[in-house]
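A quick write-up on the structure given underneath.
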Amino acid sequence: MSQRPVWAPDDVDIETPSAARMYDYFLGGSHNFAADRALAEEYIKVLPDMPQIARAQRRVVHRMIRYLTSIGIAQFLDLGSGIPTAGNVHEIAQVANPDARVVYVDSDAVAVTHSRSILADAPHAAVLRADLRDPEAVLADPVVTGLLDFSEPVAVLMIAVLHFVPDEDDPAGVVAAYRDATAPGSHLAITHATSDYKPELARRAEAVYTRASHQIHYRSRQQIADMLAGYDLVEPGLTDMIHWRPDPDTGADPLDGDVRRYSGYAALGRRP
């Protein structure tokens with residue numbers, strides 16, 4: 001039996017690996033348990049590039065936030081936000097607009113507890129413990145309605161999370177529900193793992209996550225594109241995540257710019 005850290009909420013099952021806490025481990029975070037680390041290491045044996053992939057996902061969301069603030073978006077709903085790490089959404093957005101408002105949503109108790117401690121002195125940011133697969137409950141919650149005005153454009157962020165929504169939960173329908181709740185001019189930002197480049201590796205990676213809190217589902221470009229129905233895609237469209245408006249002065253790519261090693265797409269869509 002693993003020893004419970006003092007920061008862990010009492011109601012958290014520390015023996016079942018959590019997708020959110022595994023991601024925290026990939027990013028070099030410390031809010032994870034022995035079970036999370038053990039399964040994350042199994043995943044890294046299958047996909048040794050995962051720490052670099054996780055960091056690349058953080059970088060692309062930073063680029064998307066900077067773009068969104070540049071066109072005047074000041075409200076963000078970060079679904080499946082995970083455990084806070086350096087460069088959170090509100091930190092990036094508020095550099096451009098100190099009045100930018102952000103609501104983080106996650107179902108993992110550790111992610112929510114840690115977020116609340118970080119956001120204690122952030123008046124324009126809040127966190128909600130909820131399942132993004134229940135849009136009606138998320139959108140009606142006072143935490144969300146108290147901070148975000150859905151009569152004005154909102155950016156909905158689904159970064160590295162839709163691949164944890166199984167087909168039977170209708171990920172396209174989930175996306176559509178959030179789309180329909182937002183005003184024209186709202187945006188959707190996604191990243192999603194793909195099986196297009198290395199299908200056999202994707203199957204092996206999926207097998208590891210059968211023992212985690214959420215199963216991962218690698219999908220094709222077309223399957224991901226289908227989730228973006230009703231949005232006009234911002235250039236360069238649905239593309240390999242390292243090619244979504246890369247920063248020119250980033251420096252050498254740790255995976256040599258090989259999109260097959262990243263095996264992930266990114267897109268930003270605007271609701272017309």
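What to note about this one:
- Per the listing Ala229, Ala252, Ala193, Ala202, the residue uniquely within 23 Å of Val138 (Cα to Cα) and either touching a residue at least 24 places away in the same chain (Cβ under 8 Å) or part of a loop (DSSP other than H, G, I, E, B) (or both) is Ala229.
- Test result for Asp131, at pLDDT 95 or above and on the phi > 0 side of the Ramachandran plot: no
- From the list Arg245, Arg221, Arg204, the one residue that fits, being modelled with pLDDT of 95 or more and within 18 Å of Leu47 (Cα to Cα), is Arg204.
- The residue of the stretch 193-205 that is farthest from Arg179 (Cα to Cα), among those that are surrounded by 17 or more Cβ atoms within 10 Å (Cβ to Cβ) and touching a helix residue (DSSP H, G or I) at 6+ places or on another chain (Cβ under 7 Å), is Ala205.
- Any hit, the stretch 119-142, residues being free of Cβ contacts under 8 Å to residues at least 60 places away in the same chain, touching a Pro at 6+ places or on another chain (Cβ under 8 Å) and either within 22 Å of Met227 (Cβ to Cβ) or part of a helix (DSSP H, G or I) (or both): no
- Look at the stretch 98-117: where a residue is under 23 Å from Leu68 (Cα atoms) and in contact (Cβ under 8 Å) with a residue 60 or more places away in the chain and a partner is part of a helix (DSSP H, G or I) and hydrophobic (A, V, I, L, M, F, W, C), sitting 6+ places away or on another chain with Cβ atoms under 6 Å, you get Asp106/Val112.
- Where a residue in the stretch 38-63 is closer than 16 Å to Asp249 by Cα and its partner, wherever it lies, is assigned to a helix (DSSP H, G or I), with Cβ under 8 Å and at least six apart: Ala56/Met241; Ala56/Ile242; Ala56/Tyr262; Val60/Met241; Val60/Ile242; His62/Ile92
- Picking from residues in the stretch 125-141 that are more than 15 Å from the chain's Cα centre (by Cα) and within 19 Å of Ala176 (Cβ to Cβ), the one that is surrounded by the fewest Cβ atoms within 10 Å (Cβ to Cβ) is Glu136.
- Of the numbered criteria (1) within 23 Å of Leu77 (Cβ to Cβ); (2) of a type in the set (D, E, K, R); (3) touching a residue at least 60 places away in the same chain (Cβ under 8 Å), the one Arg260 fails is (1).
- For the stretch 68-116, the set of residues classified as outside any helix (DSSP H, G or I), buried (at least 24 other Cβ atoms within 10 Å of the Cβ) and small (Gly, Ala, Ser) consists of Gly80, Ser81, Gly82, listed by residue number.
- Condition check for Leu147: in a strand (DSSP E or B), more than 19 Å from Val61 (Cα to Cα) and at pLDDT 95 or above: no
- Count of the stretch 206-265 residues, restricted to those that are within 19 Å of the chain's Cα centre (by Cα), surrounded by fewer than 19 Cβ atoms within 10 Å (Cβ to Cβ) and of a type in the set (Ser, Thr, Tyr), is 3.
- Checked against the criterion of being crowded, with 19+ Cβ neighbours inside 10 Å and outside any helix (DSSP H, G or I), the stretch 175-185 has at least one qualifying residue.
- You will find that of Pro171, Pro166, Pro184, Pro153, the residue that is in contact (Cβ under 8 Å) with a residue 40 or more places away in the chain and touching a helix residue (DSSP H, G or I) at 6+ places or on another chain (Cβ under 7 Å) is Pro171 and no other.
The values are calculated or read from the model by the stated rules, or taken from the named source; none is laboratory data. Only a predicted model underlies this, so the values are computations on that prediction, with no experimental measurement involved. When we count neighbours, we look across all protein chains shown, and the Cβ atoms used for this are built from the backbone with ideal geometry, even at glycine.
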